[in-house]
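Comments concern the structure below.
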Amino acid sequence: MSGRRRWRALDLGTTFAYVEADASRVYCKQHRVVVAQVPWARHNSCFKIPFEDEVCWMAVNMTRKAVTELMRVTWRTGRDLQASGSTRRSPTATCSRA
Ligand SMILES: [Zn+2]
């Protein structure tokens, strides 16, 4: 995948927000040609890190209905973000906003 990529950011009020940037390719000895890492998003994610952290915190502390309505994501997306958050943190760590 190359060219322009888009990551969902925290909403600006009631407006959906995105960051869009060119996704440059780099060479890695182990994985060959891959899309370069960006500082605002985790590997293979189409969400900015603050968005993921917010959904993760909400999923732990709020009802499923509240998370999906406030963040305007499907429950599957929220569940996936929470799952990816729990695997990248140590077992004793909590969401950064918790
Ligand atoms: Zn690599």
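With 69, 20 as the choices, which residue is among the acidic types (Asp, Glu), loosely packed, with under 13 Cβ neighbours inside 10 Å, in a helix (DSSP H, G or I) and modelled with pLDDT of 90 or more? Steps first, answer last, please.
Details: 20 fails: in a helix (DSSP H, G or I).
Of the residues listed, the single one that is among the acidic types (Asp, Glu), loosely packed, with under 13 Cβ neighbours inside 10 Å, in a helix (DSSP H, G or I) and modelled with pLDDT of 90 or more is 69.
Residues in region 23-36 that are polar (S, T, N, Q) and surrounded by 10 or more Cβ atoms within 10 Å (Cβ to Cβ): 24 alone.
Taken over region 48-66, the residue count meeting the criterion of being in contact with a Cys (Cβ under 7 Å, 6 or more places away or on another chain) and crowded, with 16+ Cβ neighbours inside 10 Å is 3. Identify all residues within region 3-12 that are under 19 Å from the mean Cα position of the chain (by Cα) and either surrounded by fewer than 11 Cβ atoms within 10 Å (Cβ to Cβ) or closer than 20 Å to residue 57 by Cβ (or both); write none if there are none. The answer is 4, 7, 8, 9, 10, 11, 12. Counting residues in region 33-50 that are assigned to a strand (DSSP E or B) and of a type in the set (D, E, K, R) gives zero.
Restricting attention to region 13-27 and to residues that are away from the ligand (no atom under 16 Å from the Cβ) and among the aromatic types (Phe, Trp, Tyr), the residue that is nearest to the chain's Cα centre (by Cα) turns out to be 18. Of all residues in region 13-42, those that are of a type in the set (S, T, N, Q) have Cβ atoms under 6 Å from Cβ atoms of residues that are surrounded by 10 or more Cβ atoms within 10 Å (Cβ to Cβ), 6 or more apart or on another chain, in 24/36.
Here is a yes/no grid of residues against (1) more than 17 Å from residue 5 (Cα to Cα); (2) more than 18 Å from the chain's Cα centre (by Cα):
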{"site": "29", "(1), (2)": "yes, yes"}
{"site": "37", "(1), (2)": "no, no"}
{"site": "40", "(1), (2)": "no, no"}
{"site": "55", "(1), (2)": "yes, no"}
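Taking region 50-69 as the range and being out of contact with any strand residue (DSSP E or B) (no Cβ under 9 Å at 6 or more places or on another chain) and among the hydrophobic types (A, V, I, L, M, F, W, C) as the test, the residues that pass are 56, 57, 58, 59, 60, 62, 66, 67.
The values are calculated or read from the model by the stated rules, or taken from the named source; none is laboratory data. As the structure is a computational prediction, the values presented were derived from the model and not from experiment. So basically every Cβ, Gly included, is an ideal-geometry build from the backbone, and we count neighbours across all protein chains shown.
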